[in-house]
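Student: Quick one: the structure is below, and I'll ask about it shortly.
The values are calculated or read from the model by the stated rules, or taken from the named source; none is laboratory data. All of these numbers come straight from a predicted model, not from anything done at the bench. Heads up, the Cβs are rebuilt from the backbone with ideal geometry, glycines too, and the neighbour counts pull from every protein chain shown. We work out accessible area using only protein heavy atoms, side chains counted, and drop any ligands, DNA or RNA first. Shrake-Rupley method; radii C 1.70, N 1.55, O 1.52, S 1.80 Å.
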Amino acid sequence: MQTSDLIALLAVAISIGASVLAQNSASKSHQTAARSHESASYHSGTDLFMQLNLVFVEYPHVRPYFYDGKSLTRDDPNYHWAHAVAELMLDVFEWIWHRREGITEADRQAWADYVGSMFALSPVLRAYHLSHLAWHPTITDLYFSRGEFEGTTLPHQRSQEPEGA
């Protein structure tokens, strides 16, 4: 074997080694980025949920519409407050449920149960959601998959007037 052949063989070996190291480094970077994204999603969801909870601390007059089954009529002085909170709540639910793959199975189940409970407790939340199904597609899918719409009239089967109109 000539010197030039040895040099070429050494160059190939170094090239293969560099490729393996680069691929290993890229794999580790990808894993680190995935964990970082998962952590950021988890913390963002937690932050959103805490902000939602603060709404009920700062504005306790709207809490009965969501936790006590209080109905809402258009002439209720809290009509716009309750609808704003319903939209916020659905937005938070949507954001977290859309990123459900990044949370543990136990947390995912607890979250689905919580969303189901809130729909069961709040006629305002149910009515607002039914009036805006396309705005929250993953929550709508969850709601349908859990049978939460059983016995309700879907929007295309009723007038488009909000509850209590």
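Student: For the stretch 106-135, how many residues meet the condition of being aromatic (Phe, Trp, Tyr) and open to solvent by 60 Å² or more (accessible area, probe 1.4 Å)?
Tutor: Of the residues in that region, 1 qualify.
Student: Does the stretch 104-126 contain at least one residue that is among the aromatic types (Phe, Trp, Tyr), in contact (Cβ under 8 Å) with a residue 40 or more places away in the chain and under 16 Å from Phe49 (Cα atoms)?
Tutor: no
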